[in-house]
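Engineer: Sharing a structure below in structure tokens format, with a few things to ask.
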Amino acid sequence: MSKTIPQPDEVSKPFWDAVDQKKLTLQYCSACDRLQYPVRPTCYDCGKSDTLTWREVAGKGHVLETMVVHDTRVVRRKVDVPFNVALISLDEAPYINFLSNLPGTPAHQGPQGAAVELFFEELEGSGGRFIHEWRVVGQ
Ligand SMILES: [Zn+2]
């Protein structure tokens, strides 16, 4: 798929650098004992920034919901329609969600409740950059 190439900023650069090394690291707030995603400059709960560090996560999850995109304004994605968009819940922190196209699963066949695992997909035309993705491993 022709996915958008991430443009890291100062806050998200450690996240994207880890993804390029095929690791999924999330921000962890030591004051709240909580992971958070997407990346933010401060903790979602306590608002502090000096309590945030990075933690690698295992990359196991489940599909909560799926839908299929039949049309998009994103030019790079027009060649890919129709495609799945699934909401993924991370098993080790179920309040953390990701969006996935479920590569390898045909559109309209994204199974709710299925187990998924993390993998890293090389982005077309990126010069070796990667994006975190999820694939179905069981139902
Ligand atoms: Zn906090």
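Every read-out reported here was derived from the displayed coordinates using simple, explicitly stated rules and does not represent laboratory data. Model, not experiment: these values are computed from the prediction. A quick note on method: Cβ atoms are made from the backbone with ideal geometry, for glycine too, and the neighbour counts reach across all protein chains shown.
Engineer: Taking the Cα centre of each part, how many Å lie between segment 12-47 and segment 60-139?
Structural biologist: After rounding, the separation between the Cα centres reads 20 Å.
Engineer: Also, I was wondering about something else. With Cβ to Cβ distances under 11 Å as the rule, what net charge do the other residues near Ser30 carry (K, R +1; D, E -1)?
Structural biologist: Combined, the nearby Lys, Arg, Asp and Glu give +1.
Engineer: Further question on the same structure: Could you state the principal axis extents of the C-alpha atoms in segment 59-139, from the largest down, to the nearest angstrom?
Structural biologist: 33, 28, 21
Engineer: Restricting to Cα atoms and excluding each atom paired with itself, what does the Kirkwood estimate give for the chain in Å?
Structural biologist: Result for the chain, one decimal place: 15.9 Å.
Engineer: Report the extension gain between Glu92 and His108 in nm, rounded to one decimal, defined as 0.36 nm multiplied by the number of residues separating them, less their alpha carbon distance.
Structural biologist: That pair, Glu92 and His108, stretches by 3.0 nm at full extension.
Engineer: Pop a pseudo-label 7 angstrom from the Cα along the beta-carbon direction at both Ala115 and Val79 and give the gap in nm to one decimal.
Structural biologist: Inter-label distance under the simple model: 3.5 nm.
Engineer: For segment 9-139, what does the relative contact order come out to in percent, with C-alpha contacts under 8 Å and a separation of six or more?
Structural biologist: The normalised contact order for segment 9-139 reaches 21 percent.
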